[in-house]
Amino acid sequence: MGTVARFEIGFTRYLSAEGAPAPDLPEFARDPAALLPLYRAMVLTRQFDLKAIAMQRTGQIGTFASALGQEAIGVGVASAMRAEDVLVPSYRDHAAQFVRGVTMTESLLYWGGDERGSAFSAAPHDFGNCVPIGTQVGHAAGVAYACKLRGEARVAVCILGDGGTSTGDFYEGMNMAGAWQVPLVIVVNNNQWAISMPRARQTAAPTLAQKAIAAGIPGEQVDGNDIVAVRHRVGEAIERARTGAGPALIEAVTYRLSDHTTADDASRYRDEAAVKEAWRHEPITRLRSYLASLDAWDAAREEALVRECQQAVGAAVDAYLKTPPPNVSAMFDCLYETLPAAMADQLDTAQRYAAGAPETHHG
Ligand SMILES: Cc1ncc(C[n+]2csc(CCOP(=O)(O)OP(=O)(O)O)c2C)c(N)n1
Ligand SMILES: [Mg+2]
């Protein structure tokens, strides 16, 4: 038998788990001034996560999906985008959203069940959080197609999970993107779990990146806990897409250090030893060690940054708690031009109950 095609899946890591740089480090990663904003964005996300979980536990938001341990993916991806690009995220992508300018108050409103949390003031063309797994890939391919059709130098960037790559929507969206050669970058956040389903039981494929090959799209892996690798490789893919070179897929390999959401208890299905081992690779300590080796970081600066981030989170929480409740009709507003009778009934019921509802919905 001859060979008609051959494929390889590359893997990129620039910072080791101990924060030691590889000799071929990209230029920006030699400059602390370029890295410090990325470090701050990761620390801010981690502080936000801690607070959001506490708020869910005290009944002040409905549910929450933590990004603990996965901060380098969101921050790395969003920092590689231009403002006019379009982020098409899942529900675990607040790290990326904050870099895009989505406010922490908006994120809390979203998790508090308030539609206004998805009307991003600073990133109005970005999509809201996609909860149905994998469906955002088709949306993103459509956005990218529109950019191409209009001749705009914009790129759609879609983020989904490892579990998302087991869905038909993922394959369909990716196939469209390949067939149309649109400016789309698909980032797979491989955090090893789809709720309680481990990566090994989701597919027999040795990498998720290779799924792109079937769609005629280049696929590669990066160490998703290395912000330099994520930022650099995603940035290259985005700029290739912007100049008409077509779509790409990047699998960022990481680990979900948290429960799936606040509605989950991961200790029921996973081994503590694996989680403990994964903590040795997490992204924030890694970048901090590297910054310290450049004499760009120390304990005093760490303490000041954490305090500053906690204050910013606190201010966002205050603004959230002070937001007056939305109109009761809000949850029906963007569904249909004319509500079907069954929903009109529900709206009517909601409005009658709201008349006797307490003053604030968050309290
Ligand atoms: C179409 C669809 N099927 C099932 C679910 C239920 N569900 C919610 S999260 C999840 C797992 C997703 O795992 P992954 O894609 O790896 O993302 P992660 O939560 O790990 O970031 C599932 C199956 C859903 N939201 N949508
Ligand atoms: Mg996952």
Anything in the range 41-67 that is within 16 Å of ligand 1 (Cβ to nearest atom), outside any helix (DSSP H, G or I) and either surrounded by fewer than 21 Cβ atoms within 10 Å (Cβ to Cβ) or among the small types (Gly, Ala, Ser) (or both)? List them, or say none. Gly62, Thr63, Ala65, Ser66, Ala67
For Arg242, state whether it is under 19 Å from Ser90 (Cα atoms) and of a type in the set (Lys, Arg). no
Checking Ile227 against (1) of a type in the set (Val, Ile, Thr); (2) in contact with a Leu (Cβ under 8 Å, 6 or more places away or on another chain); (3) within 16 Å of ligand 2 (Cβ to nearest atom), which single condition isn't satisfied? (3)
Does Arg92 satisfy the condition of being at pLDDT 95 or above, out of contact with any strand residue (DSSP E or B) (no Cβ under 6 Å at 6 or more places or on another chain), surrounded by fewer than 19 Cβ atoms within 10 Å (Cβ to Cβ) and assigned to a loop (DSSP other than H, G, I, E, B)? no
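Just checking, how many residues over the range 185-243 are within 26 Å of Arg40 (Cβ to Cβ), more than 16 Å from ligand 1 (Cβ to nearest atom) and assigned to a loop (DSSP other than H, G, I, E, B)?
Kept after step one, since they are within 26 Å of Arg40 (Cβ to Cβ), are these residues of the range 185-243: 185, 187-191, 222-239.
Filter once more, so that each one left must be more than 16 Å from ligand 1 (Cβ to nearest atom): 185, 222-223, 226-229, 231-239.
So of that shortlist, the ones also assigned to a loop (DSSP other than H, G, I, E, B) come out as 226.
Summing the residues that are within 26 Å of Arg40 (Cβ to Cβ), more than 16 Å from ligand 1 (Cβ to nearest atom) and assigned to a loop (DSSP other than H, G, I, E, B) in the range 185-243 gives 1.
Give the range 197-221 a look and list any residue that's touching an Asp or Glu at 6+ places or on another chain (Cβ under 8 Å) and within 16 Å of ligand 2 (Cβ to nearest atom), or say none. Steps first, please.
Start the filter on the range 197-221 by keeping residues that are touching an Asp or Glu at 6+ places or on another chain (Cβ under 8 Å), which leaves 199, 202, 207-209, 219-221.
Arg199, Gln202, Thr207, Leu208, Ala209, Gln221 - these are the residues of the range 197-221 that are touching an Asp or Glu at 6+ places or on another chain (Cβ under 8 Å) and within 16 Å of ligand 2 (Cβ to nearest atom).
Within the range 238-246, does at least one residue satisfy the condition of being under 22 Å from Arg6 (Cβ atoms) and under 15 Å from the mean Cα position of the chain (by Cα)?
At the first step, the residues of the range 238-246 found to be under 22 Å from Arg6 (Cβ atoms) are 240, 245-246.
Checking the rest, the ones that are also under 15 Å from the mean Cα position of the chain (by Cα) come to none.
Within the range 238-246, none of the residues are under 22 Å from Arg6 (Cβ atoms) and under 15 Å from the mean Cα position of the chain (by Cα).
May I ask you to say which residue of Ala153, Ala179 is more than 26 Å from Ala95 (Cβ to Cβ) and surrounded by fewer than 17 Cβ atoms within 10 Å (Cβ to Cβ)? Full working, then the answer.
Numbers: Ala153 fails: more than 26 Å from Ala95 (Cβ to Cβ).
One residue alone meets the criteria, Ala179.
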Apart from one, (1) more than 16 Å from ligand 2 (Cβ to nearest atom); (2) outside any helix (DSSP H, G or I) all hold for Asn175; the odd one out is (2)
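The values are calculated or read from the model by the stated rules, or taken from the named source; none is laboratory data. Because the structure is predicted, anything quoted here is derived from the model rather than measured. In this analysis, Cβ positions are derived from the backbone assuming ideal geometry, glycine residues included, and neighbour counts consider all displayed protein chains.
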